[in-house]
Amino acid sequence: MSLLVLIGIDVVEIKRVEVAIRRSGTHFVNRICTENEVAYYQHKGDRRFLEGVAALFAAKEAVKKLFLQKEINPGWKSITIIHNSSGKPAVFLSDVSFSTVFDSISLSLSHTREYVIAAAVGVNEPQRAVL
């Protein structure tokens, strides 16, 4: 059996996230983000908060696109984006059944003043023969 690598990518316009938040208040943010994700960006200023929510949306969309290739559609809050002490993002899946779909998921985020892009890479290692 060979190595299986799948990729999910998403681009989000930060201005569209700003408009969505302005229109719906906290509804948009609360539908997409967990409390911990919001808390990570909450006290970093308005601009950084918008960039953060856009990054979370893009990251979760990219991860969802990985799973959709396997005909699985996890909910927004079953995907959590966490950050290590240096700020590197990682994917945490709250539903155990989703966490067994890929051996690993790597996430990369980048942004400009106007856009955020996220790339998620899911890997399934070839199964080793047991002797």
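A few notes on this one:
- Checklist (1) open to solvent by 20 Å² or more (accessible area, probe 1.4 Å); (2) under 19 Å from residue 105 (Cβ atoms); (3) of a type in the set (Lys, Arg); (4) touching a Phe, Trp or Tyr at 6+ places or on another chain (Cβ under 8 Å) applied to residue 65, failing item: (4)
- The requirement of being in a helix (DSSP H, G or I) and closer than 19 Å to residue 12 by Cα is fulfilled somewhere in region 76-95, by at least one residue.
- Selection of region 71-81 for residues being open to solvent by 70 Å² or more (accessible area, probe 1.4 Å) and closer than 13 Å to residue 97 by Cα yields only 73.
- Checked against the criterion of being farther than 24 Å from residue 99 by Cβ, buried (at least 19 other Cβ atoms within 10 Å of the Cβ) and in contact with a helix residue (DSSP H, G or I) (Cβ under 9 Å, 6 or more places away or on another chain), the candidates 29, 11 yield just one match: 29.
- Test for residue 72: is it within 18 Å of residue 32 (Cβ to Cβ) and of a type in the set (A, V, I, L, M): no
- Hits in region 41-57 (condition: more than 18 Å from residue 115 (Cβ to Cβ) and open to solvent by less than 80 Å² (accessible area, probe 1.4 Å)): 45
- Among the residues examined, residue 60 does not qualify as of a type in the set (Lys, Arg), at pLDDT 95 or above, closer than 18 Å to residue 102 by Cα and open to solvent by 40 Å² or more (accessible area, probe 1.4 Å).
- Just one of the numbered conditions (1) farther than 18 Å from residue 10 by Cβ; (2) out of contact with any Asp or Glu (no Cβ under 6 Å at 6 or more places or on another chain); (3) among the polar types (S, T, N, Q); (4) surrounded by 10 or more Cβ atoms within 10 Å (Cβ to Cβ) is not true of residue 108: (1).
The values are calculated or read from the model by the stated rules, or taken from the named source; none is laboratory data. Everything quoted here is computed from the prediction, not taken from an experiment. All Cβ positions, even for glycine, are placed from backbone atoms using ideal geometry, and neighbour counts span all protein chains on display. In case anyone asks, the SASA skips ligands and DNA or RNA and just uses the protein heavy atoms, side chains included. Shrake-Rupley method; radii C 1.70, N 1.55, O 1.52, S 1.80 Å.
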